[in-house]
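Here's the structure, in structure tokens; my notes come after.
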Amino acid sequence: MENLSIDNLLVTAVIPFYNPESKFKKVIEDTLPFVDYLVLVNDGSTQNVNHLIATDAKISLITIENNSGKGAALKKGFRKALALGSKYIITLDSDYQHEPKFIPGFIEALKTSGFIIGKRNISFSQMPFMRVLSNTLTSKVLSIKTKQKIFDSQSGFRGFNASIIQSILPETNGFEAESEMILRAANKGIHISFIDISTKYDNQKSSIKALKVIINFLKVIMKY
């Protein structure tokens, strides 16, 4: 199937994962048609995931021996994407809360913006209470700190022009790394844009512990 490269600019998706559920296989299958490369970063999974990963020349698998956190996995994935010569990089989660069908929208938006975040419908009917609370608080604080309107700070469905990646790589290794990337981008004068996406919540288990995320987020805020 023809990929969606723009003017021969390579598109790479980066998906970090830790003990993914069966929907991971569908995430991979539905992402592949939209990208030139797919970098999967196994962040120390304790279960066998080989049966979920398709055999495809587009796929690069990176394995971190011990669980190091989403930020650490993203950094590994970004560096691999840059080594592949990618010009656009898309990140999404492994649990199919992010639908790969929105990737073309990110690619289109990246024609005019260096950093795109997928804006979800943040509501108690769509998301668990603590997720709504932590996302609302962090988004408001980041809006004040960056002097930009941050609609959804915790969305992992993002698009980047590869040219900005080195300057915004986070120092932290946990979920707070995604907020740190927003802060670093704002400090570099990079405008952060948003596009609307839908989100699927089917009672998936989440590895996010909201209180810990908020505490680590506040530590990051203090540094910038």
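The values are calculated or read from the model by the stated rules, or taken from the named source; none is laboratory data. What you see is a predicted model; the values in this text were computed from it and never measured. No Cβ is skipped: glycine too gets one built from the backbone with ideal geometry, and neighbour counts run over all protein chains shown.
Say whether the condition of being outside any helix (DSSP H, G or I), in contact (Cβ under 8 Å) with a residue 24 or more places away in the chain and loosely packed, with under 14 Cβ neighbours inside 10 Å is met by at least one residue in the range 96-105.
Kept after step one, since they are outside any helix (DSSP H, G or I), are these residues of the range 96-105: 96-99.
Still in the running and in contact (Cβ under 8 Å) with a residue 24 or more places away in the chain: 96-99.
Within this subset, residues satisfying the condition of being loosely packed, with under 14 Cβ neighbours inside 10 Å are none.
No.
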**Message:** Within the range 32-44, does at least one residue satisfy the condition of being touching a Pro at 6+ places or on another chain (Cβ under 7 Å), assigned to a helix (DSSP H, G or I) and over 20 Å from I103 (Cα atoms)?
**Reply:** no
**Message:** Please go through (1) surrounded by 15 or more Cβ atoms within 10 Å (Cβ to Cβ); (2) modelled with pLDDT under 95; (3) not in a helix (DSSP H, G or I) for I89 and return the number of the only condition it doesn't satisfy.
**Reply:** (2)
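Quick one: count up the residues across the range 30-85 that are of a type in the set (F, W, Y) and either surrounded by fewer than 17 Cβ atoms within 10 Å (Cβ to Cβ) or in contact (Cβ under 8 Å) with a residue 60 or more places away in the chain (or both).
Residues meeting the conditions: 2.
Of everything in the range 63-86, what is of a type outside the set (A, V, I, L, M) and in a helix (DSSP H, G or I)? Give them in sequence order.
K70, G71, K75, K76, G77, F78, R79, K80
Might you check whether a residue that is in a loop (DSSP other than H, G, I, E, B) and among the charged types (D, E, K, R) occurs anywhere in the range 140-148?
Pass one, the range 140-148, residues in a loop (DSSP other than H, G, I, E, B): 147-148.
Filter once more, keeping what is among the charged types (D, E, K, R): 147.
Yes, that holds for at least one residue.
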**Message:** Regarding the range 119-142, can at least one residue be identified that is at pLDDT 95 or above, surrounded by 14 or more Cβ atoms within 10 Å (Cβ to Cβ), closer than 21 Å to S94 by Cβ and of a type in the set (A, V, I, L, M, F, W, C)?
**Reply:** no
